[in-house]
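Participant: After the structure tokens below, expect a handful of questions from me.
The values are calculated or read from the model by the stated rules, or taken from the named source; none is laboratory data. As the structure is a prediction and not an experimental result, all values here were calculated from the model. As a convention, Cβ positions derive from the backbone with ideal geometry for all residues, glycine included, and neighbour counts pool all protein chains shown.
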Amino acid sequence: MKNQIILALCTLFVLSSCDFKKEESKTEAKEEVQSTTVITTGLLNANLASEASLLEAGLSQEVVTQIISERPFLAIEAFVEVLGDSTDLEAVFAKVFVPLNINETAEETFKLIPGVGDRMAHEFEEYKPYVNLNQFRKEIGKYVDEQEVARLEQYIFVPVELNTAQEEDIKNLPGVGSKMTHEFLEYRPYENMAQFNKEIGKYVDEAELSRLARFVYLK
């Protein structure tokens, strides 16, 4: 009987310790974000922004011309290369960014997002794979307020399964509006990505098609 009581107390201690560590993690994540004040209003997508908008964001004409000529950027690293070594990336990324695939991005790369340090990058990583943007909002909302979640979600996207994704989840993809969502749905079921490229390619050019293909997959 005595041994059973000791065992029960040990189990309770371990569980309490785990709960404490999780709460401590949440607190640290909140403190990390709060320690860095970042205001992002209407973050520009480097693949979609107009020349005028990019110039207004403080980029030089030379860089803007190169951005437009080389997009779409299918990875943030390609965008960083265009910006060059002398660029203040944090300042640029507060205004212009290439959304990250949250399920495939490495934890270290999440720290390119202004205001995201080691702790918050770990929280992004912890809940993979995300099934939709609502899950991202729910999980990251444990650590920051709604305004900060809304800011952070501008920097990521959750890829969708072409044949089963909900209409809302497709609309949440960067630069995919109601009309394109309708086209995505119209040709279901897709047998392969070649069919997707053929059907959606009726509506957009090759560059835009490669940008859109980055957001989807087939089981």
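Participant: Taking region 133-154, which residues are in a loop (DSSP other than H, G, I, E, B) and more than 15 Å from PRO99 (Cα to Cα)?
Facilitator: GLY141, LYS142, TYR143, VAL144, ASP145
Participant: Check whether at least one residue in region 114-122 is touching a Lys or Arg at 6+ places or on another chain (Cβ under 6 Å), over 18 Å from GLY175 (Cα atoms) and part of a loop (DSSP other than H, G, I, E, B), and report yes or no.
Facilitator: No, region 114-122 has no match at all.
Participant: Just a yes or no: is a residue in region 170-178 farther than 21 Å from TYR127 by Cα and either β-branched (Val, Ile, Thr) or touching a Ser or Thr at 6+ places or on another chain (Cβ under 8 Å) (or both)?
Facilitator: Yes.
Participant: Could you please tell me which pairs satisfy a Cβ distance under 9 Å, a separation of 6+ or placement on different chains, a first residue in region 121-137 that is within 16 Å of PRO159 (Cβ to Cβ) and of a type in the set (Val, Ile, Thr), and a second residue that is assigned to a loop (DSSP other than H, G, I, E, B) and at pLDDT 95 or above?
Facilitator: What qualifies is VAL131/VAL158.
Participant: Looking at the structure I just gave you, is GLU199 in a helix (DSSP H, G or I) and under 22 Å from ASN45 (Cβ atoms)? So that I can check it myself, show each step before the final result.
Facilitator: Numbers: in a helix (DSSP H, G or I): yes; under 22 Å from ASN45 (Cβ atoms): no.
For GLU199, the condition - in a helix (DSSP H, G or I) and under 22 Å from ASN45 (Cβ atoms) - is not met.
Participant: Would you pick out the residues in region 139-192 that are closer than 18 Å to ARG119 by Cα and among the hydroxyl-bearing types (Ser, Thr, Tyr)? Break it down into steps so the answer makes sense when it comes.
Facilitator: Taking region 139-192 as the starting set, the residues that turn out to be closer than 18 Å to ARG119 by Cα are 139-145, 148-149, 151-153, 155-156.
Correct list: TYR143, TYR155.
Participant: Tell me which residues, restricted to region 70-109, are part of a loop (DSSP other than H, G, I, E, B) and of a type in the set (Val, Ile, Thr).
Facilitator: Answer for region 70-109, where residues must be part of a loop (DSSP other than H, G, I, E, B) and of a type in the set (Val, Ile, Thr): THR87, VAL98, ILE102, THR105.
Participant: Let me ask something else. What about ILE200, is it within 24 Å of PHE97 (Cα to Cα) and surrounded by 14 or more Cβ atoms within 10 Å (Cβ to Cβ)?
Facilitator: It is false that ILE200 is within 24 Å of PHE97 (Cα to Cα) and surrounded by 14 or more Cβ atoms within 10 Å (Cβ to Cβ).
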